[in-house]
Amino acid sequence: MAKCDVCGKDENMPYNCRHCGGTYCADHRLPENHNCTGLENWNDPQGVFDSGFDDSASGSGSTSRASSITDKIPLNTGTGGPLAYFRGNATYTFLALMWITFLAQLVVGAFGNSELYRSLFLLTSWNVEYVWTWVTSIFAHSTSNFMHIVGNSIVLFFFGPLVERYIGSRDFAILFIVSGVLAGLGQVVISLAQGYPTAVLGASGAALAIMGVLTVLNPGLKVYLYFIIPVPIWLLTAGYALLSITFLSGVAGGGGGIAHGAHLIGLIIGLAYGQYVKRNRNLRAPSRLEFGGGGPGGPGGPGRGRF
């Protein structure tokens with residue numbers, strides 16, 4: 001249950017405005033009924049009507065330019081085409097890809113071909129030139145610890161849609177992939193600098209980037225940790241940062257095989273991007289999140305070479 005940002009009415013099925021990010025009841029769900037900040041940008045071709053993946057929704061100048069490109073693609077890229085599903089659903093698309101990749105890992109692992117497994121799913125310091133693993137390693141997770149993918153899935157499921165509504169599906173997809181890739185590569189560099197080779201996999205770098213964006217946009221956002229304990233998101237994010245710095249510096253000795261460097265890099269990217277969004281976009285962030293948390297051990301949970 002959530003409260004309407006205008007009248008304070010409790011709603012079991014609240015409406016979240018995709019333009020300003022606010023939470024409203026049925027009476028105030030329309031932009032004109034809650035003085036939506038997005039109304040100021042309705043005449044801006046790059047504003048609230050930017051559909052993310054559909055460039056044809058931009059102004060007339062960009063429409064002709066986009067048409068010359070999309071006309072050459074044997075795929076309907078319009079609003080009713082097959083790509084329509086991904087507009088507003090990038091979060092769940094990535095979530096599905098994580099579980100599809102997990103199943104693929106189980107299949108490949110069942111045949112016992114460890115070399116194929118590593119070349120497909122692991123970003124390693126000895127085969128960093130396998131550029132496809134920069135991306136596949138984001139969606140791959142440990143098959144020996146089920147909580148690894150469960151923890152990251154929880155963070156993505158509850159926090160991802162909020163960020164996607166704020167910045168749009170296209171920018172969310174870019175944030176997720178770029179932060180995941182840089183987090184993985186950063187962990188490889190850190191491990192080599194510390195004098196040992198490593199192999200990393202997991203989406204926690206991207207998950208921490210998502211949390212970083214939310215922390216900047218609304219540090220007081222209430223999150224129910226483990227679905228029970230209410231904490232502001234800034235405290236949750238600060239806890240992850242402190243934990244990563246502590247283990248990365250060697251103060252606590254070791255890190256349980258967790259890629260804390262990747263966690264920290266992803267979080268820094270999210271905080272930096274959140275500051276960019278806050279300066280350049282007029283957004284209203286909700287004051288509370290009814291569900292959330294993160295699995296045991298946080299995004300990724302405990303385990304070797306995972307992030």
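Worth a mention:
- Residue exposure sequence - I177, I167 - by fewest surrounding Cβ within 10 Å: I177, I167
- Selected from L103, P161, S119, residue furthest toward positive end of dipole (the range 87-280; charges at beta carbon): P161
- Under 5 Å from the amide H of L221 lie the amide H atoms of I233, W234, each residue being 5 or more positions distant or on a separate chain, with H modelled from the backbone and absent for Pro and chain starts.
- Each residue of the range 189-197 was assigned a 3J(HN,Hα) from its phi angle through the Karplus curve 6.51 cos²θ - 1.76 cosθ + 1.60 (θ = phi - 60°); the sequence is 5, 4, 5, 5, 5, 7, x, 9, x Hz, with glycine and proline shown as x.
- Along principal axes, Cα extents of the range 87-280, largest first, whole Å: 47, 42, 34
- A Förster radius of 41 Å combined with the Cβ-Cβ distance from E115 to Y92 puts the calculated FRET efficiency at roughly 0.80.
- Gain upon complete extension [Y224, N16; 0.36 nm per residue less C-alpha separation]: 73.0 nm
- Pair I174, S125: separation of 7 Å Cα→Cβ label points (nm): 3.2 nm
Where a number appears in this text, it was derived from the coordinates with a stated rule and is not lab data. Nothing here was measured: the structure is a model prediction, and the numbers come from that model. Virtual Cβ from ideal backbone geometry, glycine too; neighbours counted across all protein chains shown.
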